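See below for the structure under consideration.
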Amino acid sequence: MPAGDVYSNLSQIRPLDLSEEDLPSCPVISPYINGPLKVLSPENLTLEQVAEKNPLVEPGGHYRPPDCWTRHHTAVVVPYSGQAQQLQQLLFHLHPFLQRQQLHYAIYVVSQVNNTAFNRGKLRNVGFWEAMQEEDWDCVFFHDVNLLPEDDRNLYVCDIFPTHVSVAIDKFNYKLPYRGYLGGVFALRPIHYLRINGFPNTYWSWAREDEDIAARLKLNGMLLSRPHLLFGRYHMLEGEDPSRERSQSPGPVAPGHRLWRHNGMNSVGYRLLSKDLQPLYTNLSVDINFFTPEGPEPR
C-alpha cells in the first residue's frame, strides 16, 4: 500500500451540531485509518505550528473525537530528558496519528529536572501515577520520544495482554534486535501495571528495565502480545538517546528482578515540581531524587 500523509482527511473530523448525549458511538474501525504513513520531518518546526495543525487538541494534549463516543481511553506517557527537536517531531506526528484512530487520549511528558543520570523506568512510574490521578484511563502507552509509528493500523488501544508495540524499528532493519527486546513502546492496562508493580526504579542510564519487565510478566503468569510486523513499524529519529545503545542483546539479568514486589510503583519516591498544561501535552517536571519508602508523593 502506498504511504499516506498522516494529516490527510484530518480536516473531515468536525464537531456535530448535537449534544454530547446524542452523539453516535464511534465505529469499530475508524474511517480515517489509511495504513502505511509517510514520516515527515519539517525543517524549523515549532510547537505553535504543530498546535495550528491540530486545532481540536485541548490544553494538556487532551483530545476526544468531536463527532462520536469512543470506547477507548488511552494515556501516552513520554519520559523526557531535554530532546526538544525529537519531542516536536513526535507531537507533530503522534497527534494526527491518534486522532485518525478516534481515541480519547492525552499525552504526558515527564521531565527529569535534575542532573542525575536518566531513569526511564522511574519516569514511567511517575507518568502513570500522575495520569491516573487525572482520568480513569483504561490503557497506558509508554512511548520513547524518538519513535514515530509508520502505520495507523497499529492501534493505540490495549489488548487483554500487555503489549510490546514497537516490534519493527527501521534502525534495527524492521525486526527485533534480540529475543526478549521490550524497548521503545510498551502498553498495558492499569490493572496489569499495578499487578507487576510497574517498572523498576533502580536502573540509571541504561535499558535493563526491559528485561526486568519481562521477568515481572513471567512471574505474574502474564502473556506478552505483539502486533504484526507490518503494523508495528517505527522510524527512529536521529539524535541523542539518554539510554545506552539497545541494539545488542544484554547480559544476564541481575538478581534484582526477584525483588519486584518492593521495587516499583509502591516505592517510586519523587517530588512533583510543576504540572503545566501546554497546548499539545501535559508537562510534568519532577525531581526523582526525592525518596519516600511509602510510595508516590503525587502532590
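Take the conditions of a type outside the set (K, R), at pLDDT below 95 and out of contact with any Lys or Arg (no Cβ under 7 Å at 6 or more places or on another chain) and apply them to L56. Does it pass? Break it down into steps so the answer makes sense when it comes.
Details: of a type outside the set (K, R): yes; at pLDDT below 95: no; out of contact with any Lys or Arg (no Cβ under 7 Å at 6 or more places or on another chain): yes.
No; evaluated as a whole, the condition is false for this residue.
I'm checking my understanding of the structure. Among residues of the stretch 233-243 that are farther than 13 Å from G183 by Cβ and at pLDDT 95 or above, which one is surrounded by the most Cβ atoms within 10 Å (Cβ to Cβ)?
R233
Let me spell it out: the conditions are (1) within 25 Å of R271 (Cα to Cα); (2) open to solvent by 10 Å² or more (accessible area, probe 1.4 Å); (3) in contact (Cβ under 8 Å) with a residue 12 or more places away in the chain, and Q86 meets all of them except one. Which number is the exception?
(1)
Take the residues in the stretch 10-35 that are crowded, with 16+ Cβ neighbours inside 10 Å and not hydrophobic (A, V, I, L, M, F, W, C), then tell me which one is modelled with the lowest pLDDT.
Ranking the qualifying residues of the stretch 10-35, first place goes to N34.
Identify the residue in the stretch 36-53 that is over 22 Å from D152 (Cα atoms) and not in a helix (DSSP H, G or I) and, among all such residues, is modelled with the lowest pLDDT.
Checking each candidate, the answer is E43.
What number of residues within the stretch 59-78 are in contact with a strand residue (DSSP E or B) (Cβ under 7 Å, 6 or more places away or on another chain), part of a loop (DSSP other than H, G, I, E, B) and open to solvent by 50 Å² or more (accessible area, probe 1.4 Å)?
Count: 3.
Which residues, taken from the stretch 161-178, are surrounded by fewer than 20 Cβ atoms within 10 Å (Cβ to Cβ) and touching a residue at least 40 places away in the same chain (Cβ under 8 Å)?
Within the stretch 161-178, the subset surrounded by fewer than 20 Cβ atoms within 10 Å (Cβ to Cβ) is 161, 170-178.
Result: F161, D170, K171, F172, Y174, K175, P177, Y178.
Return a yes/no flag: does the stretch 41-52 have any residue that is crowded, with 19+ Cβ neighbours inside 10 Å and β-branched (V, I, T). Talk me through it step by step, then tell me what you get.
Initial filter on the stretch 41-52 (crowded, with 19+ Cβ neighbours inside 10 Å): 50.
Right, trim to β-branched (V, I, T) and you get 50.
Checking the stretch 41-52: at least one residue is crowded, with 19+ Cβ neighbours inside 10 Å and β-branched (V, I, T).
Within the stretch 114-144, can you find the residues that are open to solvent by 10 Å² or more (accessible area, probe 1.4 Å) and closer than 22 Å to I288 by Cβ? Spell out how you get there, then give the answer.
Applying the first criterion (open to solvent by 10 Å² or more (accessible area, probe 1.4 Å)) to the stretch 114-144 yields 114-118, 120, 122, 129, 132-136, 138.
Across the stretch 114-144, the qualifying residues are N114, N115, T116, A117, F118, R120, K122, W129, M132, Q133, E134.
Restricted to the stretch 252-276, and to residues that are surrounded by 14 or more Cβ atoms within 10 Å (Cβ to Cβ) and in a strand (DSSP E or B), which residue is modelled with the highest pLDDT?
Here the answer is K275.
The values are calculated or read from the model by the stated rules, or taken from the named source; none is laboratory data. The model shown is predicted, which means the values in this text are computed figures rather than measured ones. All Cβ positions, even for glycine, are placed from backbone atoms using ideal geometry, and neighbour counts span all protein chains on display. The protein model used for the area step is the full one, side chains on, heavy atoms only, and it has no ligands, DNA or RNA in it. Shrake-Rupley method; radii C 1.70, N 1.55, O 1.52, S 1.80 Å.
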